[in-house]
Amino acid sequence: MNKDKVKIGIYELTGCAGDALLILDCENELLDIFKAADIQSFSMAKSDNIDGNLDVVLVEGSVSTEREVEELKDIRKRSQLVVAIGLCATVGGIQARFTNPKEWEKNFKKVYGDVKMEHTPPLQSKPIDDYVKVDYYLPGCPIGKEQFLHLFTRIVKGAPPEKYPRPVCVTCKFKENDCLLNRDILCLGPLTADGCGAACISHNLPCVGCWGPVEGANLTSEYYLLKEKGFDVEYIKKKMANYSGTKIAEFFEKIKEEKK
Amino acid sequence: MRIVKLKQKNLNPFLEVISENTELWAPVRKYTDRHVFAQVEDVSQIDVDYTRTILPPRKIFLPPSFNMFTATEKEYKENFSHATKKILFGIHPCDIHGLLIMDQFFNYVFEDPYYTQARNNTLLLGHSCWPDEHCFCKSTRTHIIEEGYDLFFHRLSEDYLVWIGSSKGDDLIRLMPDCFEEKLSDEDIQFYIRLREQRNEAFQTEVNFTAMPDLMELKYNHPLWEKIGTACLACGSCTNVCPTCNCYNVMDHPQLKERGSLIHRDWDTCTLQSYSEVAGGENFREKRSDRLKLWYTHKIQAYISKYGKPGCVGCGRCIATCPVDINVKTVSQALDGKDVDAFWNRLNKGEIK
Ligand code: SF4
Ligand code: SF4
Ligand code: SF4
Ligand code: SF4
């Protein structure tokens, strides 16, 4: 152990473990990552984990059981900084897309029947900031290497990570892609946080929003724009809901109100 | 200034000769019907039959994202790798005017070395064009070019009339002197004059710029701004495609392995929410309407009082790009009191069913 190094823990709640895997996939940088920080806990990478006090934790996954609530609260207590990594931790993930609690219960029954969960009571999936204070967010499904290494390096060098509050359209334009939205294709780029390098559009596929909603996204305008272009409203809502977890619940309520 | 004549079939051989030891950048096709400026290895890739590229040529002088310098406690290493010697062929009058505005801006108080070095290392070879439905450079008086180019190629039916605008341009001509004729026939001259008149009449979009500074002032608190703010997606596309936008952000990228940082410079744009956020989290232009008002003040009012001409060169990129029809055309028409046919207007009127 090294006293000068930032003590880091990487924890996984409910998710596909894709973000932890992506960190391991930084093959060229992996040795430097372990050299630069004192990684105390990272169950995907090692077995001698110590769950003590930490400077920074990176938390992947959404909260979907009561045990995870306790685990998360304990992590928060032990760490100076909490960073939510990946779509599940930042917005709740695909599993959080049903926002109405009654609907969730109904769906739960449909899938599991009347099975009683002995292990730990299940909860409707939520992003981690529903339970604890989050200091920084690193979105993406899974997170991107470039953004991860940038955030990680800033943390270990004692500089606060920067926010990336721009939509996918910015990088999309930097890459001089022809705008799909202007060709009447449902593209969620304007509503989605940047970080993937406009990956899909650069392959002539529309953005489906996997980085989650960007701060200040104008959902209403794009919703009506797509409606004017002739898309079915249920289809638009489904597309918008896919990767936005609980974060745009208010918008869906508003649209419902307007319909009445 | 001198005007010479070149057979169209001699254009590519000429470009090949002059770019033997220099990067050649020119419009090339992307997708079926879009164009971008790109470095060309083979002159047959060049497509002069284009109207506008997706990004303006300023991307060549200040790339959307680049490393300005590397800094450690001991050392400071500048990076000018983007400022290589180049020939930019095929640039239209509006875009040359765009660069002239950038020249003024980046030398206004202090010289910006990253821009200036790349600019000084690049020869501009312009090419004539024909307006489509979005072009309105006649309204900004940027449809013709009198300065700022090294060579300018006016296409006639079988020949080019080539304007020589600088001694460097003249040096290029001298690399293939046999291809250029000094003597122009009366027919050539008449043809050119007629073409010029026909082009002037081909413009389908007009914007009344003389009225704009006053209208901006008079309508500063007009509901129009809230209306366009309601529709704006804050996607940043209008500003990124504009040939005269020049804002940027500078960000430290500390290095994991070594000590020190790369200092990156990225295009930034005032239409994004983060643009006006300052330390402590305060955002003095949190509303989209305030941000758009800033942009339009800049383009059609403030520039006119500072530089005597609008900060818009009429290239039509914002018209072709904004998904919700917020652009210099619809905004100026709305300022003029017109009920425009635009998504943002239909959205506000509740017309979308
Ligand atoms: S294609 Fe999509 S991401 Fe790209 S500019 Fe258009 S809306 Fe934005
Ligand atoms: S869906 Fe959107 S955010 Fe996800 S990788 Fe594709 S372009 Fe990027
Ligand atoms: S404001 Fe629009 S038309 Fe004018 S120069 Fe910029 S992109 Fe071109
Ligand atoms: S005005 Fe149009 S192009 Fe510009 S940020 Fe708003 S929606 Fe995007």
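A few remarks follow.
- Heavy-atom surface analysis with a 1.4 Å probe gives the protein assembly as shown a carbon and sulfur content of 50 percent of its accessible area.
- Alpha carbon centroid spacing (whole Å) that separates region B:321-353 from region A:104-132: 46 Å
- Label point at B:Asp170 placed 7 Å out along Cα→Cβ; residues across region B:3-27 whose backbone nitrogen lies under 17 Å: B:3-5
- Across chain A, Cα pairs under 8 Å and at least six residues apart give a relative contact order of 18 percent.
- Percentage relative contact order, chain B, counting C-alpha pairs under 8 Å, at least six apart: 20 percent
- Checking every one of the GluC sites (Glu not before Pro) in region B:131-184 against DSSP loop status and a limit of 14 other Cβ atoms within 10 Å picks out B:Glu133, B:Glu146, B:Glu147, B:Glu158, B:Glu182.
- Square roots of 5 times each gyration tensor eigenvalue, C-alpha, region B:215-303, largest first, Å: 31, 14, 11
- Amide H contacts of A:Ile39: A:Ile8, each under 5 Å away and 5 or more positions distant or on a separate chain (H built 1.01 Å from N in the peptide plane; Pro and chain starts excluded).
- Cross-link table A:Lys73/A:Lys163; A:Lys7/B:Lys74; A:Lys110/A:Lys237; A:Lys256/B:Lys338; A:Lys106/A:Lys173, entries beyond 31 Å C-alpha to C-alpha: A:Lys256/B:Lys338; A:Lys106/A:Lys173
- A:Asp74/A:Lys5 FRET efficiency (R0 22 Å; Cβ-Cβ; nearest 0.05): 0.45
- Database note for chain A: Cys without another Cys beta carbon under 4.7 angstrom, A:Cys16, A:Cys26, A:Cys88, A:Cys172, A:Cys179, A:Cys187, A:Cys196, A:Cys200, A:Cys207.
- Across region A:181-259, C-alpha contacts under 8 Å between residues 6 or more apart give a mean separation that, scaled by the residue count, equals a relative contact order of 29 percent.
- Calculated P(r) of region B:275-353 - Cα pairs past 16 Å, %: 62 percent
- Buried accessible area, chains B and A (both chains, 1.4 Å probe, Å² to nearest 100): 3400 Å²
- Eigen-decomposition of the gyration tensor built on the alpha-carbon atoms of region A:1-60 gives equivalent ellipsoid semi-axes of 18, 15, 9 angstrom, largest listed first.
- Seen from a random direction on average, the alpha-carbon convex hull of the protein assembly as shown projects onto 32.1 square nanometres.
- Relative pair counts by distance (%), Cα atoms of chain B, 10 Å bins: 5, 22, 30, 24, 14, 5, 1
- Per DSSP, loop chymotrypsin sites (Phe, Trp or Tyr not before Pro) in region B:105-152 with at most 11 further Cβ within 10 Å: B:Tyr108, B:Phe110
- Amide H contacts under 5 Å for B:Glu23: B:Ile87, restricted to partners 5 or more places along the chain or on a different chain, H placed in the peptide plane at 1.01 Å from N.
- Per residue of chain A, the DSSP helices (runs of n ≥ 4 H) give a summed -39500 (n - 2.57) that works out to -10500 deg cm²/dmol at 222 nm.
- Rg [Å, one decimal], Dmax [Å, integer] - chain A, C-alpha atoms: 19.5, 62
- When Rg and the Kirkwood radius Rh are both evaluated on Cα atoms of region A:171-260, their ratio Rg/Rh stands at 0.96.
- Backbone geometry of region A:188-204 corresponds, through the Karplus equation with coefficients 6.51, -1.76 and 1.60 at θ = phi - 60°, to 3J(HN,Hα) couplings of 9, x, x, 9, 10, 5, 7, x, 8, x, 6, 4, 5, 5, 5, 10, 6 Hz, x marking Gly and Pro.
- GNM result for chain A, Cα springs below 10 Å: residue of A:Lys116, A:Lys229, A:Lys145 fluctuating most strongly: A:Lys116
- Using bins of 10 Å that start at zero, the share of Cα-Cα pairs per bin across region B:2-201 amounts to 8, 33, 36, 17, 5, 1, 0, in whole %.
- Distance from region A:160-202 to region A:12-44 (C-alpha centre basis), Å: 27 Å
- The trypsin sites (Lys or Arg not before Pro) found in region A:22-82 that occupy coil by DSSP, while having at most 16 further C-beta atoms within 10 Å, are A:Lys46.
- Student exercise, chain B dipole from Lys, Arg, Asp, Glu Cβ charges, in Debye to nearest 20: 800 debye
- Extents of region A:7-156, taken as max minus min of Cα coordinates on every principal axis and listed largest first, are 49, 29, 26 Å.
- Simple label model, 7 Å out from Cα along Cβ direction - A:Tyr112 to B:Lys338, nm: 6.1 nm
- Residues in region B:135-144 carry Karplus couplings, in order, of 6, 9, 5, 5, 5, 9, 6, 10, 7, 10 Hz; the curve used is 6.51 cos²θ - 1.76 cosθ + 1.60 with θ = phi - 60°, and Gly or Pro positions show x.
- Comparing Cα centroids, region B:254-274 and region B:161-240 end up 34 angstrom apart.
- In chain B, a dipole from Cβ-located charges (positive for Lys and Arg, negative for Asp and Glu) runs towards its positive end, and of B:Ile145, B:Leu224, B:Ile101 it is B:Leu224 whose Cα lies farthest in that direction.
- Residues in region B:69-80 carry Karplus couplings, in order, of 7, 10, 10, 10, 4, 9, 9, 9, 10, 7, 10, 10 Hz; the curve used is 6.51 cos²θ - 1.76 cosθ + 1.60 with θ = phi - 60°, and Gly or Pro positions show x.
- Considering only A:Ile128, A:Ile39, A:Ile85, the mean-square fluctuation computed in a Gaussian network model of chain A, springs between alpha carbons under 10 angstrom, is largest for A:Ile39.
- Residues whose placed amide H lies under 5 Å from that of A:Asn177, excluding near-sequence neighbours: none
- The calculated FRET efficiency for the pair A:Asn53 and B:Thr72, based on their C-beta separation and a Förster distance of 35 Å, comes to about 0.65.
The values are calculated or read from the model by the stated rules, or taken from the named source; none is laboratory data. Just so you know, these numbers come straight off a predicted model, no measurement behind them. Please note: Cβ atoms are built from the backbone with ideal geometry, for glycine as well, and neighbour counts cover all protein chains shown. All accessible areas refer to the heavy atoms of the entire protein, side chains included, with ligands and DNA or RNA removed. Shrake-Rupley method; radii C 1.70, N 1.55, O 1.52, S 1.80 Å.
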